[in-house]
Amino acid sequence: MADGKAGGTKGGQALLFLTDEQLRKGIEAMFFAYRGFTADPDRILEKYGYGRAHHRAIHFISRAPGTNVNNLLGILGVTKQSLNRVLRALIEDGLVESRVGVQDKRERHLYLSDSGRALEAELSEAQRARMRVAYREAGHEAVAGFRRVLEAMMDPDQAAYFNAMATKEDKG
């Protein structure tokens, strides 16, 4: 059991049994990886007086231009008050545009401005560079396995959004 695998199959795949210590090491690896993953964007955001909530809003507005505030609330899983504070700063600073809905005037649709797209590109390139290095070092099988692990850890509504975006990209 040196590799963490034990006998038995389920759906044609070998079952994986992990000790509590192996799981703790995985949890710690996630903490440290997240810290590294966010370190470069944090330094960029600090120059603007922004935090991770601003980064997440910019990221998801970029991924779905025209998304409405309620959709963004669902994706981010934050309170309306928290999101309004973040959006107010991004709009006042000219990074995000809020447009009245065409079919429903009560809706506000969100778009990145040119400067918002430039900041998003800088932030995402920093993260892509880190992931690119890690993925190359780990290899194709590890990358595919890592994605399966991440998807298995998502809440159902988040997984549905993630899969819808992936499907949209595959078609586009």
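Each reported figure results from applying straightforward, stated rules to the coordinates on display, with no laboratory input. Just so we're clear, the structure is a prediction, and the values are computed from it rather than from any experiment. Note: ideal-geometry Cβ built from the backbone for every residue, glycine included; neighbour counts use all protein chains shown.
Taken as a whole, the structure places Ala159 among residues that are of a type in the set (Gly, Ala, Ser), closer than 24 Å to Gly74 by Cβ, surrounded by 11 or more Cβ atoms within 10 Å (Cβ to Cβ) and without any contact (Cβ under 8 Å) to a residue 60 or more places away in the chain.
Would you call Gly94 outside any loop (DSSP other than H, G, I, E, B), in contact (Cβ under 8 Å) with a residue 12 or more places away in the chain, of a type outside the set (D, E, K, R) and surrounded by fewer than 16 Cβ atoms within 10 Å (Cβ to Cβ)?
Values: outside any loop (DSSP other than H, G, I, E, B): no; in contact (Cβ under 8 Å) with a residue 12 or more places away in the chain: yes; of a type outside the set (D, E, K, R): yes; surrounded by fewer than 16 Cβ atoms within 10 Å (Cβ to Cβ): yes.
The answer is no for Gly94.
Residue by residue, here is whether (1) among the aromatic types (Phe, Trp, Tyr); (2) within 14 Å of the chain's Cα centre (by Cα); (3) not in a helix (DSSP H, G or I) holds:
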site	(1), (2), (3)
Gln22	no, no, no
Lys25	no, no, no
Glu28	no, no, no
Phe37	yes, yes, no
Asp42	no, no, no
Glu46	no, no, no
Ala53	no, yes, no
Ile58	no, yes, no
Ile61	no, yes, no
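Of all residues in the stretch 126-146, count the ones that are among the charged types (D, E, K, R) and either in contact (Cβ under 8 Å) with a residue 60 or more places away in the chain or surrounded by 13 or more Cβ atoms within 10 Å (Cβ to Cβ) (or both). Show your work before the answer.
Just the residues of the stretch 126-146 that are among the charged types (D, E, K, R), to begin with: 128, 130, 132, 136-137, 141.
After this cut, where a residue has to be either in contact (Cβ under 8 Å) with a residue 60 or more places away in the chain or surrounded by 13 or more Cβ atoms within 10 Å (Cβ to Cβ) (or both) as well, the list is 130.
Total meeting the criteria: 1.
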